[in-house]
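Have a look at the structure below before the remarks.
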Amino acid sequence: MQAYILRRLMLMIPTLLGITIVVFAVMASSPGGISAQALIEGQNLEPQAKKALEDYYNRRYGLDQPAPIQYLRWINNISPIGFTLDKNHQIDGFSFFKGSDLGTSFRYGRPVLDIILERVPITLLLNIITIPIIYAIAISIGVRAATQRGRSFDIGSSVIMLGFWSIPTMLAGVLLIGFFASDQYWHWFPTSGLSTREALDMPFLPHWSSAFDIVILFVAMVAGTLISLYISQVYSAKIRMIFMALLGAGLGIAMGNALPGEHSIVVTLMLAILVAGIFAAIAYTDYQAFRSLSMALIGTIVGLIIAPLLMQGDYVRGFLFDRLWHLALPVICLSYGGFAFLTKLTRTAVLENLRADYARTARAKGVADELILWRHVFRNSLLPLITVSATLLPSLLAGSVIVESIFSIEGMGKLAIEAVKARDRELVLSITFVSGLLTLVSYLIADLCYAIADPRVSYE
Amino acid sequence: MSKTSQDISTNRTLQNQSYFKRIFTEVLTHWTARIGFGWIAILVIIAVFAPFLASSHPLLMSQQGQWSSPILAHLTPADATILAAFIAGLVLFFLKIRFLTKLAILLSVIFVSGLISSFTITPPELTIYEQYRENQSAQKYDWVVYAPVPYSPKDYLRDYGDTGLENPLADQDRTHWAGTEENGADVLSRMIHASRIALGIGFVATGIAMLIGIFIGGIMGYFSGVADMIGMRLVEIFEAIPTLFLLLTFVAFFGRSLYIMMIIIGITSWPGYARFVRAEFLRLREQEFVQSAIACGLPLRSILFRHILPNGIAPILVAASFGVASAILAEATLSFLGLGLVDDPSWGQMLNQAVQSATFNWWMAAFPGGAIFLTVFAYNLIGETMRDAIDPYVKKTTN
């Protein structure tokens, strides 16, 4: 195994070299290219100042050198083994322990490593929250679609998922911000950033001034969850639907009243019908796990909405809650696109295994259907899902470029756009390098997980 | 009983058709694919006749008994080329000749008409959109026939002193079906003209990506060995760079022309096709018909492109359908990030406009965004249906 990992790690080096060469070639061959002139273009400077700045850039970053030399210098800088340079950027020795240096950004004037270390955790946070959500939803729908093959749930869910996949992230982001974060409609969520300025001074967990409020909040939450859970489990579809439709209509009317400006009855009614319809549809489905979970979630949220109306004391939001509040919309934007692909994959994998001989044997033995599905079939269907998790990361990284720029989150994606727009050689190359490295490492991890999940696979 | 005999007869007719045609007819029987093709067809017609659907220039008018058609005078060479290509495509569709010949004729028609029109047609440099409305209100015309959407995409309605940002259908006198943007231009008209960019980018970028992918993938799959090693490393490199990032770099450094964007999206999205083609070629290379073609001493060109490629084209077409969707998305994303076209409206750029304005105007986001969604959805539906149609496993179990 170690030998395999080592070989894979060694194979990464040529690929990473190739990646950076491609990006560097694009930059170098463009009109204007990477030169001091292109960097200071557009700044309104006097000729002497311009000349001085050009000289400065040339001296500092070696921009007057031919492109291949520039690239080789960069490679030498980032590789831990290589030539050491003296003050005039001339080679004066060879060292095995010189350490790697990602250079200094043109635009920010700071070490690239510092900037990237600042930004990477933010993008990874977004993605690490998103991936489990995508998997949970995709698996729950995909397995159901496979067992219901050819029926309306299967066809309906596949078309809806494909629809979700086709919604451009920008559209979803713009509409979500416009309707749920701007003060023209519902100002429920913050428009930008990852935390409010005050939240940085807050304690980590939320705090309430009186214990009574905590009790109310807790009771409302638990009561809401339990009531809707009870209804979803015990009552028939008709009663469930009536309950949820009434709840939805109430929420819709509340939403209509919360709109700023004059209240239009038509809009309120339409909202009430819309929310009631969605809730009734959730109550109608006979997919029990999905129904119970969504109804319990709705119950909890309703409890959370009602509780503050009864509370008297004031409370401090706390850092954690503030962060979650800021993350809600970006995570929605990032996650919905991944469903379609994974759902389809889950469905095919489960279908294939449901028809396999071992599943038939188990059925013939008299094992319960549920048990066959989750104990035998599902476990075997997990393999393709594991492999795919690797390809998910690059697409999420790309997705976060859009999401971060819409929600002004200072992550890698936004940094990438800024770097490219500023023609910042060091930053562009380093971002390529880091995201390429992340991608390749995630491929490797996926392959290793594959071996762990499937004992037949071995890399000896 | 009758059902089975019918089945047999349809099977027999199916067997007489080529594989490609069989897939195509099968795809067309699904309602999802029909919806997809229907929307694309509507879009193509809208795109081809865009200047006649949305323009401030009257289609036909009569001034002191003299008939004239200002719209024809303001047609650009691009408009004329697109019209010529559309008519040629329509005629070719009903002719019974080989597909490649059709493609060659179509491309040459586009080239020749583009060349001729760029020399012969010179639209007036300065267009004054207001003149028709002013003349009409001064009653200088006997009668005027306007386009269904009587506003050009760059007609900012200065004569009305418009401040823009008008809700859809807010004004009784002038109908803006989708409202107006900040400068006062009609959103629907801009969308109609932008449909050309979306379609053009989709087809051309995917075409380029397919060409590169088939070439590299074919070489990798057929020759394997060293060629395969190098090719796969190349594919790996291009797949490990986030495509969007590579696109951003390309566009930011190379400028923002429509044609450059098409080429760039094309050359950043070929690795997927190369993988598919390689797999198909690897599989088909060992089959008897290829072996016998080699034994016959056929030239390599013939083996690769007449024997292997047509048999392995189906999975590539599926990928292409999804590829068109992602090319449209890529263009929209670039435009949205402010790296798109500068002078012409595109759907993504209109979304960007919606974000840039100080207030949230839902019609500026919802209509262009909805158009992107519908188009991407249509291509994805077609791709999905095609994938099911070529998958023998799915087919076997549904019958």
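Bear in mind that the values in this text are calculations on the coordinates, not laboratory data. Just so we're clear, the structure is a prediction, and the values are computed from it rather than from any experiment. We place every Cβ from the backbone using ideal geometry, glycine too, and count neighbours over all the protein chains shown.
Apply the Debye scattering formula to the range B:193-239, with a single equal point scatterer on each alpha-carbon and no solvent, then give log10 I(q)/I(0) at q = 0.15, 0.20, 0.33 Å⁻¹.
-0.50, -0.68, -1.08
I need the phi-derived Karplus couplings for the range A:177-191: 6.51 cos²θ - 1.76 cosθ + 1.60, θ = phi - 60°, integer Hz, Gly and Pro marked x.
My calculation for the range A:177-191 gives 4, x, 8, 10, 10, 7, 7, 6, 10, 9, 8, 8, 10, x, 7 Hz in order.
Considering just Cα atoms, how many Å³ per residue does the convex hull of chain A enclose? Provide the component values of the computation, followed by the final result.
Working: hull volume 102.3 nm³, N = 460.
Taking the convex hull of the Cα positions in chain A, it is 222 Å³ per residue.
Name the residues whose placed amide hydrogens come within less than 5 Å of the amide hydrogen of A:Leu102, ignoring near sequence neighbours (fewer than 5 apart) on the same chain.
Close amide H contacts, sequence-distant or interchain: A:Leu113.
Using the Karplus curve 6.51 cos²θ - 1.76 cosθ + 1.60 with θ = phi - 60°, work out ³J(HN,Hα) for each residue of the range A:62-74 in order, rounded to whole Hz, and write x for Gly and Pro.
So the Karplus estimates, Gly and Pro as x, are x, 6, 7, 6, x, 4, x, 5, 4, 5, 4, 4, 4 Hz.
Per residue Cα convex hull volume for the range A:207-316, in cubic angstrom? Show your work: numbers first, answer last.
Values: hull volume 11.7 nm³, N = 110.
So the per-residue hull volume is 106 Å³.
Taking the Cβ of each residue in A:Ser210, A:Ser232, B:Ser335 as the centre, tally the other Cβ atoms inside 10 Å and list the residues starting with the fewest.
Neighbour counts put them in this order, fewest first: A:Ser210, A:Ser232, B:Ser335.
Using only Cα atoms and rounding to the nearest 10 degrees, what angle (0 to 90) does helix A:412-421 make with the longest principal axis of chain A?
With both axes taken from Cα atoms, the answer is about 40 degrees.
In square nanometres, what is the average projected area of the Cα convex hull of the range A:2-111?
8.8
How would chain B be classified by its alpha-carbon gyration tensor: rounded, prolate or oblate, with rounded meaning a/c under 1.5 and the a/b versus b/c comparison settling the rest?
Because a/c hits 1.5 or more and a/b exceeds b/c, chain B counts as prolate.
Would you mind checking which residues have amide H under 5 Å from B:Gln63's amide H? H placed 1.01 Å from N; only 5 or more apart, or other chain.
So B:Gln63 has HN proximity to B:Ser68, B:Asp142.
Helix A:237-258 sits at what angle to the longest principal axis of chain A, using alpha carbons and giving 0 to 90 degrees rounded to 10?
Rounded to the nearest ten degrees, it is 50.
As a check on your grasp of the helix formula, calculate [θ] at 222 nm for the protein assembly as shown: sum -39500 (n - 2.57) over DSSP H runs of n ≥ 4, divide by the residue count, round to the nearest 500. Mind dumping the intermediate values first?
Values: 34 runs with 593 residues, N = 859.
One gets -23500 deg cm²/dmol as the mean residue ellipticity at 222 nm.
From the backbone phi of the range A:329-345, what are the Karplus-calculated ³J(HN,Hα) couplings (6.51 cos²θ - 1.76 cosθ + 1.60, θ = phi - 60°) in whole Hz, Gly and Pro given as x?
In residue order, the calculated couplings are 5, x, 5, 4, 4, 6, 8, 5, x, x, 4, 4, 4, 5, 4, 4, 5 Hz.
Other chains near A:440-446: what is the mean number of their Cβ atoms within 10 Å of each residue's Cβ?
Mean shielding by partner chains, rounded to a whole number: 1.
With label points built 7 Å along Cα→Cβ from the Cα atoms of B:Gln287 and A:Tyr315, find their separation and express it in nm.
My value for the distance between the label points is 6.6 nm.
In whole Å, how far is the Cα centre of the range A:146-197 from that of the range B:99-135?
41
Rounded to the nearest 0.05, what FRET efficiency is calculated for A:Tyr56 and A:Leu324 with R0 set to 35 Å and r the Cβ-Cβ distance?
0.15
Hey, got the average number of other protein chain Cβ atoms within 10 angstrom for residues in B:247-257?
Other-chain Cβ atoms within 10 Å of each residue's Cβ, averaged: 6.
Please report B:Glu134, A:Glu262, A:Glu54, B:Glu280 as a ranked list, fewest other C-beta atoms within 10 angstrom at the top and most at the bottom. Can you show the working numbers first?
Numbers: B:Glu134 11, A:Glu262 5, A:Glu54 18, B:Glu280 22.
If I rank by nearby Cβ atoms, fewest first, I get A:Glu262, B:Glu134, A:Glu54, B:Glu280.
Could you check how many percent of all C-alpha pairs in the protein assembly as shown are farther apart than 39 Å?
Of the Cα pairs, 51 percent sit more than 39 Å apart.
Give the long-range amide H neighbours of A:Leu85: residues separated by 5 or more places, or on another chain, with amide H under 5 Å away, using H modelled in the peptide plane at 1.01 Å from N.
Placed amide hydrogens put A:Asp92 under 5 Å from A:Leu85.
Residue by residue through A:392-401, how many Cβ atoms from other chains fall within 10 Å of the Cβ on average?
4
Kindly express, to the nearest 10 degrees and within the range 0 to 90, the angle between helix B:271-285's C-alpha long axis and the longest C-alpha principal axis of chain B.
The helix B:271-285 is inclined about 30 degrees to chain B.
Just how many pairs of Lys in chain A have C-alpha atoms closer than 27 Å, counting pairs that are eight or more places apart or on different chains?
5
Could you tell me the relative contact order of chain A? Use alpha-carbon pairs under 8 Å, at least six residues apart, and round to a whole percent.
Relative contact order of chain A: 23 percent.
Going by how many other Cβ atoms sit within 10 Å of their own, how do A:Met1, A:Met270, B:Met386 line up, fewest first?
Values: A:Met1 10, A:Met270 13, B:Met386 25.
If I rank by nearby Cβ atoms, fewest first, I get A:Met1, A:Met270, B:Met386.
Can you tell me the FRET efficiency between A:Leu9 and A:Thr391 if r is taken as the Cβ-Cβ distance and R0 is 22 Å, rounded to the nearest 0.05?
Values: r = 20 Å, r/R0 = 0.89.
Computed FRET efficiency for A:Leu9 and A:Thr391: 0.65.
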